[in-house]
Amino acid sequence: MMRRPRTTTAKVVENTEDSDLSISTILISDEDRDEWTPAEPKLKAPTTTARAPAVPMMRRPRTTTAKVVENTEDSDASISTILISEEDSDEWTPAEPKLKAPTTTARAPAVPGEKKAAPKRTAKPKEPKAPKQPKPPKEPKVPKPRAPRKTAAERKTQASKVVKGSRTSVLAGTKRKNIDEGKNDDKAAEKKEEKHTDCGPSTKMKKERVSFIVSEANQADMWAGEGTSLAGFIAKKEEVEDFTFDEPCLKKQKTGGAFLGQPSALPSSTANTLRNELNMNWDFIEVLSTRTCVEWRVCANIIGLLREENTVPFMVRYRKDMINHMDADAVRDVQLVYEELSTLSKKTQSVIQTLKKDGVLTVELEQNMRSCQSADELDHVYSPYKKGSKLTKARRAKALGLEDAASLLMNTPHTLDLRTWVKPGTEGLSSVEEVSTGVGHILADLMAKDPETLAYVKTLCENNFVTIQSSVSKSALKEKVQDHKKPGAKQNKKMDIDKFHLYLDFTSNIQRIQPHQTLAINRGESLKILTVKVNIPDRVKNDFTRWCIDNRWRPKTFATEEHWAIVRSAIDDSYKRLILPFLTRNYRTKLSSAAEKESIAMFVSNLRRCLLVGPVRGCVILGVDPGFRHGCKLAVLSPTGQIIHTDVVYLHNTGQQREVDKLRHLMMTYSCTNVVIGNGTACRETESVFADLISRRCFHPLDVSYCITSEAGASIYSVSPEAVKELPDMDPNLRSAVSIGRRVQDPMAELVKIDPKHIGIGTYQHDVSAGALKVALDGVVQECVSFVGVDINICSETLMRHVAGLNAGRAKSIAEWREQNGPFNNREQLKLVKGMGPKTYQQCTGFIRINPQTLHSAKSSPHPVPEKPAAKKSKAKTCVNIPTSFNPLDQTCIHPESYHVAERFLSLVGGSADQIGSAGLRQCVERKVQTSSVEELAKTVDSTPETLKLIIDGLTQAPGFDIRQSFGQADFKRGIVSMSDLRVGAVLTGRVENASLFGAFVDIGVGRSGLIHKSKITLDKLPASERRRSLALGPGQRVEVRVLNVDPQRGRIGLDLIRVLQ
């Protein structure tokens, strides 16, 4: 093996980036042809691994060549392996300058075809024309013998000859099994790409941005058409400033595995940047993947998209291949954990800087802090050093200089004499007992902060029966005793105690307690009605003590009985004083956090169902805000929501007949057949009046029906600045009636005007984090508004600000542009709006619609539309050529970045954009999909199956399609049933009014909502699409129920779920 053919040599480059793997890779080069000395020490090391049998492969046929393919599936190791191919034997040029750099980076794949231009340069490896690559800080260099230099002409001639007699050495890496077996199928494409690169280096891609193997040369053209929709994670470089999404961009990352639904991986540069920013002792993406139960690569992609300021609705609709088809809730969960870990990292850095400034930071303390994976762990380590906290026992002992004594006790106890540490007259060192106590405090502190010790005691707790117990507090008992003496003053407190009667003597396993029980216990504790504690069995302490003495905290050499007494006392003190309180806090925090997340998830689910309730269109609606003293406020609304008439009637006072005649005249005048009554004060009485009038046919010939809707938040909205701006000259009470009527006409457009926490959904609203609840509810509002879509020419500014990518300022700018310049003719004109940059345009434009009907009606109005509005815009937008014609694709859910794909697909099926939503185009598309699969059609039009499916939906959906059509509308009725009419066993139909963590409340039309306990909601009673959660019912769903029990005194109705009505 010492003699090699003159045409090739081998260079050994060692990969030192992975701390666990030392992998040497042989790179073939045409330099130093006369001599070659193998680096035996480097080549012997890998032979000790499992891949040692790779040595017999050192002999190869003379005509073979070597191709270098880098396996990037492992996130921590960068492994280059030489694959032998018998094709391309006529011409082969080694790519030495390019292959050196990738071995120093984590994920830099080497494609041999793109390195053809290297032989035309001089033989020196430090050629000034060579592309610059980042150099590793600790790259070992293998010494090599010098070879006589040859002229460029000789080198060029030599590169074109067939390499004869070459015997390529193949070193199998420790992870060679990860290399794709299908590379042989791509040889022809690689050869084609290799020849293509002969034209010069201008077509080379930045390989440091690619984190996976690209096997087909034509994928560059295939994915270039996707533009920024599938571009790489280049966060701060806006290379396309003129908003174009349909032009090829070779410098962007290619999602090569997206055709098969495989999410592409985060670029190594971004991953390394993330590690450097956080600077923690654990892998960020690995922890995120573990906590969210999401694949590592998907987590990496989501982080990259979030760092590029992509919104959740945009990712869910237009980046399905990158997030593995996750829904909005799952993506939002990953986002929340990502923000938690980022906040923890920032807090850790701040604490470290604070301790460093105070002069108390040690290397061990810093490492302990960087190893914390939760805020509780960090607080546990940092709390003794907080300013204002009294000096801990361990710190006082360390200040006396006993830290060395504690170290001697654990390492060399035979050399420790406690009497030598006694200093009479010094507090804490005046006797052997005080010295022993101080040493024990230091050891106890070390044990309580040792990660291995904490991990073991947590494991013991997981394997034992740990319970949480709540009981009535002493202060509550004392007040209850005094309640007989002063019943009036303590009546409210007594009622509060009665609310917690289930938890006055409550015990539950820590792993089986329900979220609503945790929140109820926390509320009772905050009101000082309950006392809560966590019970850890004594067996945990016994096993922990035995393990510490026998294993972790056993002195390394012989120790006297006096020394053992100090160790045992330190273990007992550490467990009782430090570890046990830490475990209690940890359990309470975890339970509260999990319960808050479940409660917020219930809020999100309920709000989503409320927003997606189907609108009632095409009819005149009478909104009624019921009341006794101030009368019932009325608002007559046109089919489009415009206010026709407002009035007040007093249906519950004397002279009722006169008010009824006034009401009848009003409904007959405006042909109003649908009445919406708010569920506030006097709702039941007002409903009774309308039911009686309908039964007596007072509105004949009109077929009148009514429904009850929630008026939660209507009164708050009626006095809000938005309501004053929208209805400036109207009484606030009449504004409530308008809001109640519009909640049925278009629930989403009206509910977005109200703060989500005032809508009256969910339970334990005040027991969860207000900030987390607001972020979650705002997110679901943005999701629903975006997925439904908004007609940019008629939607309100309030609704517009909830579109993904927009905010209050941008929505105001759009509304101002619309007022000054008239309606938008197409989506392209959004680029002319002030503050609309490329990223904002990319995020929002897919959710904005241009409806041709509303566009035509807006143009027919006398409002002038200037011809050249772009001249007044910002500098960056004056050069943009914006068309003014209507584009039929603008009324669909298709994103402008995919318009070129949609046009290719239309030409493929033989249709045109003017046929969007027609039956003829739908039939053409169906026939084409039946003859060819979506995957094949996607390859034909150079797109992904996910994008093509979205395009097919957009082309085949009828104009004005609304996803809320599949959701139920409000139930209108003509009669009333009282609670006294209910009988046990009766089967009724109702609609879910609210859902909580312990059940669902159903409106069955008797004035009181019945409760379906969560134990009655089983999987066999739910539709297949709703079986992902144990409690899959939400507001708006129609259900069939059976009455289990009726309690008229307490106003409670127990129900059993029979089935969910579709």
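The values are calculated or read from the model by the stated rules, or taken from the named source; none is laboratory data. This is a predicted model, so every value here is computed, not measured. Reconstructed Cβ throughout: ideal geometry from the backbone, glycine too, with neighbour counts over all protein chains shown. These area figures cover heavy atoms from the full protein model, side chains too; ligands, DNA and RNA do not enter into them. Shrake-Rupley method; radii C 1.70, N 1.55, O 1.52, S 1.80 Å.
When you look at Ala682, is it open to solvent by less than 20 Å² (accessible area, probe 1.4 Å), over 41 Å from the mean Cα position of the chain (by Cα) and at positive phi, yes or no? Steps first, please.
Details: open to solvent by less than 20 Å² (accessible area, probe 1.4 Å): yes; over 41 Å from the mean Cα position of the chain (by Cα): yes; at positive phi: yes.
Here the answer is yes, as Ala682 does meet what is asked.
Is it the case, given these coordinates, that Ser526 is polar (S, T, N, Q) and over 23 Å from Asn411 (Cα atoms)? Let's see the steps before the verdict.
Numbers: polar (S, T, N, Q): yes; over 23 Å from Asn411 (Cα atoms): yes.
Considered against the rule, which asks whether it is polar (S, T, N, Q) and over 23 Å from Asn411 (Cα atoms), Ser526 comes out as yes.
Look at Leu734 and say whether it is in contact with a helix residue (DSSP H, G or I) (Cβ under 6 Å, 6 or more places away or on another chain) and either surrounded by 20 or more Cβ atoms within 10 Å (Cβ to Cβ) or at pLDDT 90 or above (or both). Spell out the reasoning first.
Details: in contact with a helix residue (DSSP H, G or I) (Cβ under 6 Å, 6 or more places away or on another chain): no; either surrounded by 20 or more Cβ atoms within 10 Å (Cβ to Cβ) or at pLDDT 90 or above (or both): yes.
No, not satisfied.
Can you tell me which residue in region 640-672 is nearest to Glu726 (Cα to Cα), limited to those that are crowded, with 16+ Cβ neighbours inside 10 Å and among the β-branched types (Val, Ile, Thr)?
The qualifying residue nearest to Glu726 (Cα to Cα) is Ile643.
Residue by residue through region 830-863, note down the ones that are over 24 Å from Gly917 (Cα atoms) and more than 31 Å from the chain's Cα centre (by Cα).
Here is the first cut: in region 830-863, the residues over 24 Å from Gly917 (Cα atoms) are 830-843, 860-863.
The answer is Leu832, Ser860, Ser861, Pro862, His863.
Kindly establish whether Phe886 is among the aromatic types (Phe, Trp, Tyr) and not in a helix (DSSP H, G or I). Give the derivation first.
Working: among the aromatic types (Phe, Trp, Tyr): yes; not in a helix (DSSP H, G or I): yes.
Yes; evaluated as a whole, the condition is true for this residue.
Applying the selection to region 750-762, what residues are of a type outside the set (A, V, I, L, M) and either crowded, with 21+ Cβ neighbours inside 10 Å or touching a His at 6+ places or on another chain (Cβ under 7 Å) (or both)?
Of the residues in region 750-762, the ones of a type outside the set (A, V, I, L, M) are 750, 753, 755-758, 760, 762.
Once the filter is applied, which keeps residues that are of a type outside the set (A, V, I, L, M) and either crowded, with 21+ Cβ neighbours inside 10 Å or touching a His at 6+ places or on another chain (Cβ under 7 Å) (or both), region 750-762 yields Glu750, Pro756, Gly762.
What's the total number of residues in region 377-394 that are within 26 Å of Ala565 (Cα to Cα) and either free of Cβ contacts under 8 Å to residues at least 12 places away in the same chain or surrounded by fewer than 14 Cβ atoms within 10 Å (Cβ to Cβ) (or both)?
Residues that pass the stated criteria total 1.
Inspect region 765-779 for any residue being under 27 Å from Val624 (Cα atoms) and surrounded by 18 or more Cβ atoms within 10 Å (Cβ to Cβ) and give the result as yes or no.
No, region 765-779 contains no residue that is under 27 Å from Val624 (Cα atoms) and surrounded by 18 or more Cβ atoms within 10 Å (Cβ to Cβ).
Consider Ala444 carefully, then state whether it is over 15 Å from Asp573 (Cβ atoms), in contact with a helix residue (DSSP H, G or I) (Cβ under 7 Å, 6 or more places away or on another chain), outside any strand (DSSP E or B) and open to solvent by less than 70 Å² (accessible area, probe 1.4 Å). Show your work before the answer.
Values: over 15 Å from Asp573 (Cβ atoms): no; in contact with a helix residue (DSSP H, G or I) (Cβ under 7 Å, 6 or more places away or on another chain): yes; outside any strand (DSSP E or B): yes; open to solvent by less than 70 Å² (accessible area, probe 1.4 Å): yes.
In short, no.
Within region 984-993, identify whether any single residue is farther than 22 Å from Arg684 by Cα, modelled with pLDDT of 80 or more, assigned to a loop (DSSP other than H, G, I, E, B) and open to solvent by 60 Å² or more (accessible area, probe 1.4 Å), and answer yes or no.
yes
Could you pull out the residue among Ile566, Ile549, Ile571 that is within 25 Å of Gly438 (Cβ to Cβ) and open to solvent by less than 10 Å² (accessible area, probe 1.4 Å)? Before you say what the answer is, go through the steps one by one.
Values: Ile566 fails: open to solvent by less than 10 Å² (accessible area, probe 1.4 Å); Ile549 fails: open to solvent by less than 10 Å² (accessible area, probe 1.4 Å).
Criteria check complete, one pass: Ile571.
Which members of region 696-715 meet the condition of being more than 53 Å from the chain's Cα centre (by Cα) and exposed (fewer than 15 other Cβ atoms within 10 Å of the Cβ)?
Answer for region 696-715, where residues must be more than 53 Å from the chain's Cα centre (by Cα) and exposed (fewer than 15 other Cβ atoms within 10 Å of the Cβ): Arg696, Arg697, His700, Pro701.
When you scan region 396-428, how many residues do you find that are open to solvent by 30 Å² or more (accessible area, probe 1.4 Å), over 18 Å from Arg577 (Cβ atoms) and either of a type in the set (A, V, I, L, M, F, W, C) or in contact (Cβ under 8 Å) with a residue 40 or more places away in the chain (or both)?
The number of residues fulfilling the criteria is 8.
If you check every pair at least six apart or on different chains, which have Cβ atoms under 8 Å apart with a residue in region 699-728 that is without any contact (Cβ under 8 Å) to a residue 40 or more places away in the chain and over 13 Å from Ile740 (Cβ atoms) first and a residue that is open to solvent by 20 Å² or more (accessible area, probe 1.4 Å) and among the small types (Gly, Ala, Ser) second?
Leu702/Ser671
Scan Ser471, Ser431, Ser475 and give me the residue that is among the polar types (S, T, N, Q) and surrounded by 15 or more Cβ atoms within 10 Å (Cβ to Cβ).
Working: Ser431 fails: surrounded by 15 or more Cβ atoms within 10 Å (Cβ to Cβ); Ser475 fails: surrounded by 15 or more Cβ atoms within 10 Å (Cβ to Cβ).
Only one candidate qualifies: Ser471.
If you take the residues of region 345-376 that are out of contact with any helix residue (DSSP H, G or I) (no Cβ under 7 Å at 6 or more places or on another chain), open to solvent by 50 Å² or more (accessible area, probe 1.4 Å) and touching a residue at least 24 places away in the same chain (Cβ under 8 Å), which of them is farthest from Tyr587 (Cα to Cα)?
That would be Asp358.
Take residues that are over 20 Å from the mean Cα position of the chain (by Cα) and tell me which of the helices (runs of 4 or more DSSP H) falling wholly in region 318-392 contain 2 or more. Break it down into steps so the answer makes sense when it comes.
Numbers: elements: 320-323, 328-358, 363-370, 375-382.
Fully inside region 318-392 and qualifying: 328-358, 363-370, 375-382.
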